[in-house]
1. With the alpha-carbon atoms as the only input, what is the per residue convex hull volume for region 149-263 in Å³?
2. Mind giving me the nanometre distance, one decimal, between the label points for Lys330 and Leu37, set 7 Å out from Cα along Cα→Cβ?
3. Mind putting a number on the dipole of region 24-360 about its Cα centre? Charges go on the C-beta only, +1 for Lys and Arg and -1 for Asp and Glu, and I need it in Debye to the nearest 20.
4. Let me check against my output: what whole-number percent is the relative contact order of the chain, with C-alpha pairs under 8 Å and at least 6 apart?
5. Which of rounded, prolate or oblate describes region 37-85 when judged by the alpha-carbon gyration tensor and an a/c cut-off of 1.5?
6. Which value results for Rg/Rh of the chain when Rg is the Cα radius of gyration and Rh the Kirkwood radius based on the inverse mean 1/r?
7. Toward the positive end of the charge dipole of the chain, about the Cα centre and with charges on Cβ (Lys, Arg +1; Asp, Glu -1), which of Asn106, Leu340, Leu152 goes farthest?
8. If each Cα of region 90-141 is one equal point scatterer, what is log10 of I(q)/I(0) from the Debye formula at q = 0.13, 0.17, 0.19, 0.24 Å⁻¹?
Amino acid sequence: MKSKYSTTGKNFKNKKVIQTKKINSKCDKSNPYNLALFNKINTNKDDFISLFDFVHTYNDIYYIIYINNKNDIIFINIIDNKIVLSIKNAHHYQIFYIVHYSDKINKRDLFASYSSDSLKLWDINAIECIAEIDLVSSYGDKLLNSLFFMKLKNQLYIVAPFTFDNNYEKIVLYDLKGIKAKEIKIKIKSKKNVFDTNCYYEQKSQKNYIFICGPGFLKSFDVNKNDIYKVYCDNDDILNNQALIYDGDKIIKLISAGGGMVRIWNFHSGALLNAIKINNSKYNLPKICIWNSDYLIGTCDYNGFKIFDFKNSNIPQTISEFGYTEEAKKIKHPIYGECLVILTIHGISRKLSLAINKSFL
């Protein structure tokens, strides 16, 4: 399907990136306390940024992608901090989710975007929409709670999770032509909404898992066996806004956050390994990102972000120098190593910033 969308910028499939500095390997072993503001990411002046992501392409180019209030998808080269591509009016309605997949085998970068009217799949190297899925005709006013790619039996799918009223989550897999290939149903607690759905592929066992969370529950699903794998939480008093996998240690960990609490679970056994509470009930921790096995960053309402040090302290530390942080994502910068991209709110404006290790400043 050829793109009918207005774009600025050129095909950047073969664009080379010139690195002016070498990565400092010591920074990859740093902690987030060593971060300092480096620069503002160069977005369009009047853009209201609704969400963003980081992309490392199959041919080693690095981009920040963000969505503005006009539903444009905008790509910024993180090396020279310049906008290189804008897809104008990518959707008719507000874009809720964006996700990237680097296909090194076929040498292309796929990108999916979702709004309340449709789900679109893009070939970014060719700058064209290759599939558009009308979700309204099939699922009415049901909205997705997440969006991700999943490889199953050597086939790549775009995964669309819906929450339905009759006590289950419906997860729909579409192939790259936009054709529905599979549906998975996961039972949830009565009259509860799923806040977050994600997937995990375990290389050792070559198994695919999906995990879902919401108010009062957190569970994983074995896609290969088509059955519930583990129930980590089934308690109405526990709020789970988001859950992430960390598999950099011997024990694979599922980390959940919400209601001012961070909990760490053994993914395979289901055992609770640690729980850390913020001593202030107003902090809800709507978004988290994992720095490494020792540190987690959680955004909190109106007061910067919090760093959880699992190894040395159970008291999270507040970092307020960056301002009101709505979301933070760890990235691997080609020059500065482990960095943090931060979406901050200043009055009615929303800005993206890059925080790097202080040793570079």
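1. Value for region 149-263: 104 Å³ per residue.
2. So the two model labels end up 2.3 nm from each other.
3. For this selection, approximately 560 debye.
4. Worked out over the chain, it gives 13 percent.
5. Cα axes put region 37-85 in the oblate bin.
6. Result: Rg/Rh = 0.94.
7. Asn106
8. -0.33, -0.53, -0.63, -0.89
Values quoted throughout were computed directly from the atomic coordinates according to the rules given, and no laboratory measurement underlies them. Fair warning: this is a prediction, and the values are worked out from it, not measured in the lab. Because the Cβ atoms are built from the backbone with ideal geometry, glycine has one as well, and the counts that use them run over all protein chains shown.
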